[in-house]
1. What residue, among those in the stretch 40-77 that are under 30 Å from residue 142 (Cβ atoms), at pLDDT 65 or above and in a helix (DSSP H, G or I), is most open to solvent (accessible area, probe 1.4 Å)?
2. So residue 247 ticks every box in (1) assigned to a loop (DSSP other than H, G, I, E, B); (2) crowded, with 24+ Cβ neighbours inside 10 Å but one. Which box is left unticked?
3. Out of curiosity, is residue 199 under 24 Å from residue 80 (Cβ atoms) and either modelled with pLDDT under 95 or assigned to a loop (DSSP other than H, G, I, E, B) (or both)?
4. Would you say residue 334 is β-branched (Val, Ile, Thr) and over 30 Å from residue 179 (Cα atoms)?
5. Confirm whether residue 133 is surrounded by fewer than 20 Cβ atoms within 10 Å (Cβ to Cβ) and either modelled with pLDDT of 90 or more or among the hydroxyl-bearing types (Ser, Thr, Tyr) (or both).
6. Look through 164, 157, 185 and report the one residue that is open to solvent by 20 Å² or more (accessible area, probe 1.4 Å), touching a residue at least 12 places away in the same chain (Cβ under 8 Å) and aromatic (Phe, Trp, Tyr).
7. State which residue is modelled with the highest pLDDT when the search covers only the stretch 95-114 and only residues that are out of contact with any helix residue (DSSP H, G or I) (no Cβ under 9 Å at 6 or more places or on another chain) and open to solvent by 20 Å² or more (accessible area, probe 1.4 Å).
8. If residue 173 meets every condition in (1) open to solvent by less than 30 Å² (accessible area, probe 1.4 Å); (2) part of a helix (DSSP H, G or I); (3) within 18 Å of residue 295 (Cα to Cα) apart from one, which number is that one?
Amino acid sequence: MATIKDIALRSNVSATTVSRVLNNDQTLSVAPDTRKRILETAKELGYKTVRERRFEQQSADKTNQIKIGIILCQSLEEELNDPYFLPIRQGIEKECLQHGIHVTELFRIKSFQASQLTDDFDGLIIVGRFRPEAIQNAKEKIKNIVYIDYAPDEETFDSVVIDFEVATSNIIHHLFQNGYQQLGFIGGKQLEHTYTGYTNVEDPREKTFRKMMEQYGTYNPNHVFIGEFTISNGYQLMKKAINRGDLPEAFFIASDPMAIGALRAIQEANLRVPEDIAIVSFDDIEMAQFTSTPLTTIKVYTEEMGRTGVKLLLDKINGRNLPLKVVVPTKLVVRDSCGSKLNRV
């Protein structure tokens with residue numbers, strides 16, 4: 001760490017002069033250029049006064065005392081089968097660690113009891129669709145609540161989400177631009193949780209796909225296959241589509257794990273990707289670039305979603321009252337499976 005002596009040598013003044021300038025001694029008579037040179041040198045060397053270091057230590061001590069509860073709406077098995085949520089949790093944990101927050105409790109929805117949330121929690125992060133009514137009692141005890149991947153009440157809760165509609169639109173436009181007209185969809189239902197169970201709700205990717213295809217006049221309900229967001233379901237649904245016949249030219253598959261299963265079914269049917277069936281999927285997990293045909297997919301910055309959730313929560317704890325909704329952007333990553341390299345247009 002830089003010292004006053006280091007700054008004095010670099011600035012070509014005495015250590016006493018440096019000390020008095022850095023401590024804002026108003027009785028010191030020093031040329032403005034000299035004062036500026038000392039301050040700039042201190043900044044370059046990363047010097048911090050005793051007062052600044054004491055303030056940072058007090059802030060760190062305060063952060064270390066923060067207790068955050070995390071509710072995950074996925075079981076461990078679901079998290080491993082659909083790795084969309086795993087990096088969100090990892091992002092939360094990494095950001096907490098970076099801020100020195102070690103007192104964090106993790107709850108999974110299937111084993112969670114309302115009584116576990118007490119008023120000694122400074123904040124709560126909820127990952128997934130957990131209805132606000134289900135945390136009504138908790139809201140009276142815990143004022144600072146952030147949702148990730150769900151925005152149930154923007155006037156009450158902070159939230160971190162992605163825009164599924166924009167991402168889906170980008171996929172469909174990309175496929176149309178590459179000459180595909182008949183598009184199919186493989187996806188799953190999302191779960192909206194309460195304390196007592198859950199209900200199935202339509203995935204926004206499916207909803208946007210149907211809406212856009214209807215606008216283009218090419219929607220075919222026989223080309224839509226819905227199951228669960230797993231590799232095995234992707235495999236089974238693609239087999240069902242192949243066995244039914246009248247395959248669309250391209251599929252939007254709502255998760256990379258489902259797309260990996262679908263690739264296997266296509267291979268077993270002696271069909272080729274993208275020559276016979278083009279595929280665009282969603283998530284951009286690490287495996288997406290190493291599949292038999294590298295997947296064109298929507299990249300979701302899931303770890304950043306988790307990190308942002310922690311930042312919002314700390315900001316709330318520090319006094320912000322206005323609820324904020326952060327929309328994390330996505331990106332279409334073009335690889336081989338979409339057929340853009342075949343020059344179909």
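1. First pass over the stretch 40-77, keeping only residues under 30 Å from residue 142 (Cβ atoms): 55-77.
If we keep only those that are at pLDDT 65 or above too, we end up with 65-77.
Among the residues that remain, those that are also in a helix (DSSP H, G or I) are: 76-77.
On the way: 76: 92, 77: 130 Å².
For the stretch 40-77, the residue satisfying everything is 77.
2. All conditions pass for residue 247, except number (2).
3. The answer is yes for residue 199.
4. No, not satisfied.
5. no
6. 164
7. 97
8. Of (1) open to solvent by less than 30 Å² (accessible area, probe 1.4 Å); (2) part of a helix (DSSP H, G or I); (3) within 18 Å of residue 295 (Cα to Cα), only one is false for residue 173: (1).
The values are calculated or read from the model by the stated rules, or taken from the named source; none is laboratory data. The shown structure was predicted, so the numbers you read here are calculated from the model rather than taken from an experiment. Positions of Cβ are backbone-derived with ideal geometry, glycine not excepted, and every protein chain shown enters the neighbour counts. Keep in mind that these areas ignore ligands, DNA and RNA; they rest on the heavy atoms of the full protein, side chains included. Shrake-Rupley method; radii C 1.70, N 1.55, O 1.52, S 1.80 Å.
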